[in-house]
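Where a number appears in this text, it was derived from the coordinates with a stated rule and is not lab data. All values derive from a computational prediction rather than experimental measurement. Positions of Cβ are generated from backbone atoms using ideal geometry, with glycine treated the same way; all protein chains shown enter the neighbour counts.
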Amino acid sequence: MWSGPRNISTAMMRSWGARPDTAVCDEPLYAHYLLKTGREHPGREEVIARHETDWRKVVEFLLGPVPGGKTIFYQKHMAHHLLSGMTIDWVDGLTNCFLIRDPREMILSLSKVLPDPALEETGLPQQWALFERARNRTGRTPPVVDAKDVLMDPRGTLAALCVRLGVPFTEAMLRWEPGPRPTDGVWGPHWYEAVYRSTGFEPYRERSEPTPAHLERLLADCRDIYQRLYEHRIT
């Protein structure tokens, strides 16, 4: 599942992790991203120290046996963690799906942690490139899920996604126990406070505050890419 930041991506990981047949992993390329970019994210040094920084070793893990002998391997990826210099042909060995969110809501949330994010840090350009790659290679439109649709109708949206993926939907995807998980990245305490408290998808609430003036151009660029993906979303 290729996402950008602040896209309910961790709640989606919780949802799939609640399935008895599914193993999950949490942003496995994050440590490599932080090491190579030098970005000052919360908990940076601990992430680099505790997680694999060699992207080639990460890829071996992602394409290897499903952990725990499970039949489904749900991989929560941030699309902007794919950096220049990394080959991406390995993604062709995955079933690639895309999680998007209205850019205004995403930017409002992201800017609380990264006050002046760049377009590349939203993951949207990388999502579009991956989407086009998967579509051109397979001749089929990859599954796209919008965060608002999930929050408005978790059962219906997740059931439709499962149909597209050829796996059975289960009610277990709608509820989970609160708190951290061993599969969470060590960055969890910096980013996952709301998810730690959650036991399911929270009802959708529209954000009413205005976009900061210095992020208006970023919002326009994000909307252009978001709309291209939104046209293909599962309904």
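What the table below lists for this structure:
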| read-out | value |
| --- | --- |
| Long-range lysine pairs (8 or more apart or interchain), the chain, Cα under 24 Å | 8 |
| Antiparallel bridges, percent of DSSP beta bridges restricted to the chain (to nearest 5) | 0 |
| Rg(Cα) / (2.2 N^0.38 Å) computed for segment 144-235, rounded to two decimals | 1.32 |
| Rounded, prolate or oblate (a/c below 1.5 giving rounded, otherwise prolate when a/b exceeds b/c) for segment 1-135 by Cα gyration tensor | rounded |
| Mean-position separation - Cα centroids, segment 127-155 and segment 1-50, in angstrom | 19 |
| Contact order normalised by residue count of the chain, Cα under 8 Å, 6+ apart, percent | 28 |
| For the chain, calculated [θ]222 nm from helices alone, where every DSSP H run of n ≥ 4 adds -39500 (n - 2.57) | -11500 deg cm²/dmol |
| Sites Glu202 and Thr235, calculated FRET efficiency, Cβ-Cβ separation with R0 30 Å, nearest 0.05 | 0.90 |
| Segment 77-203 shape via C-alpha gyration tensor axes, a/c threshold 1.5 | oblate |
| Karplus-derived 3J(HN,Hα), 6.51/-1.76/1.60, for each residue of segment 64-74, Hz, glycine and proline x | x, x, 5, x, x, x, 6, 9, 10, 10, 8 |
| For a label point 7 Å along the Cα-to-beta-carbon line of Cys162, residues of segment 11-37 with backbone N under 16 Å | 12-23 |
| Rough spin-label spacing in nm, given labels placed 7 Å along Cα→Cβ, for Ala172 and Thr87 | 3.6 |
| Global form of segment 115-156, assessed from the alpha-carbon gyration tensor, a/c cut-off 1.5 | oblate |
| Backbone HN-Hα couplings from phi across segment 24-34 [Karplus 6.51/-1.76/1.60, Hz, Gly and Pro as x] | 10, 9, 10, 6, x, 9, 5, 4, 4, 4, 5 |
| Packing-based order for 4-10, 154-160, using average beta carbon neighbours within 10 Å, highest first | 4-10, 154-160 |
| Calculated from backbone phi, Karplus (6.51, -1.76, 1.60) coupling profile of segment 6-15 in Hz, x at Gly/Pro | 6, 10, 6, 5, 6, 4, 5, 4, 4, 4 |
